[in-house]
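First up is the structure itself, then whatever we jot down about it.
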Amino acid sequence: MGEVLSQNEIDSLLAALSSGELDVEDMQEKDEKQVKNYDFTRPAKFSKEHLRTLGMIFEHYGRLLSTNLPVYLRKNVQVSVASSETVTFAEFSNALSNPVLLTIVNFSPMQGSIIMELTSGLGYAIIDRMLGGKGETLEKTREFSEIEMSIIERIMVICMQLLREPWKNVADVNPFLERIETNPQFAQIISPSDMVALVTMNVKIGDVEGLMNVCLPFFTLETVMDRLNTKYWFSNMQKMDDEDFEQFLEVMLRKVDVPVKAVLGKSVITVNDFVNIQVGDIIRLDSKVDEELDVYVGNIKKFQAVPGANKESYAVRITSVNREEE
């Protein structure tokens, strides 16, 4: 039952209508429901929640690329998610340039494949860096040679394997490389009218900047669409208590390489003597032959040791541990 107006409210309403402060037509338009047109040629198979979750997955993926690729390229790499949207596969393929690097990845155990597109400028920079250059791109694009394609394939296999960890909260995937195409016409993995989720990532290798687009067809993700929501994402994250976290850190720290050096002794000489040093010259140190040596871990004096040999290599034997730094 609607709200009953008092006599004073009725009089005020009639006065407002007679004075023109209220318009009956405007009041009727406010009550009408807004109708939104639905395009049946572009079905909304990916909701905003799906795209938001995909953005979170590839933000994690971008952090992995930023920490793993510098090991191979020996160059600073920055990766960030620029956007995530839904388009038809025809719109994605029509926007591709030629040549372009299209890595077709089988997204096992899901049905179908995904496409990882890398702009040619980034491809030239990767090749130049892997071959000992500064990581510069070409001013004029050209086709990739077979040797260059094999170099790109090696890097893309690394990028593809890094997909496993970001997706583990949704599904255990085991992606493997099917092929790399440079012509968009040979990368038609689905119907042109099928909907895809397109995640655009901004990649910067040194001073060279470009885009990496990841094309995720609805057909491939259909079996896990119910899991592509933030609630499932956070509820499925592995919880780790303080004790397990400490053990995890300890295991990871044990795998870190640290420099260890044994100092035989020190000496002070003039610059003139240093410049004129020849093979066979003797430098007198401040330590004796029978004295223990200082052994440094990084820049911290950690051990005392005596010199010796192990088979055909020089070695030191630890005699005491300096625990002052613990």
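Check segment 104-112 and report whether any residue there is within 30 Å of residue 132 (Cα to Cα), β-branched (Val, Ile, Thr) and either in a strand (DSSP E or B) or at pLDDT 90 or above (or both). I'd like the intermediate steps shown before the answer.
Residues of segment 104-112 that are within 30 Å of residue 132 (Cα to Cα), as a first pass: 104-105.
Now restrict to residues that are β-branched (Val, Ile, Thr): 104-105.
Now drop any that are not either in a strand (DSSP E or B) or at pLDDT 90 or above (or both), which leaves 104-105.
Yes, the conditions are met somewhere in segment 104-112.
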- Message: For segment 207-245, give me each residue that is part of a helix (DSSP H, G or I), modelled with pLDDT under 75 and surrounded by 11 or more Cβ atoms within 10 Å (Cβ to Cβ).
- Response: 230, 232, 233, 244
- Message: Need the failing condition index for residue 160 against (1) surrounded by 14 or more Cβ atoms within 10 Å (Cβ to Cβ); (2) over 25 Å from residue 196 (Cβ atoms), just the number.
- Response: (2)
- residue 293, sole failed condition from (1) surrounded by fewer than 10 Cβ atoms within 10 Å (Cβ to Cβ); (2) more than 42 Å from the chain's Cα centre (by Cα): (1)
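Test of understanding: among 179, 154, which residue is assigned to a strand (DSSP E or B) and over 14 Å from residue 119 (Cβ atoms)? Write out each step before concluding.
Details: 154 fails: assigned to a strand (DSSP E or B).
Just one listed residue meets the conditions, 179.
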- Message: Under 7 Å between Cβ atoms, which residue pairs at least 6 apart in sequence (or on different chains) link something in segment 63-89 that is surrounded by 14 or more Cβ atoms within 10 Å (Cβ to Cβ) with a partner that is acidic (Asp, Glu) and in a helix (DSSP H, G or I)?
- Response: 64/165; 81/59
- So which residues in segment 302-319 are in contact (Cβ under 8 Å) with a residue 24 or more places away in the chain and loosely packed, with under 14 Cβ neighbours inside 10 Å, if there are any at all? 319
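The values are calculated or read from the model by the stated rules, or taken from the named source; none is laboratory data. Computed from a predicted structure; not experimentally measured. All Cβ positions, even for glycine, are placed from backbone atoms using ideal geometry, and neighbour counts span all protein chains on display.
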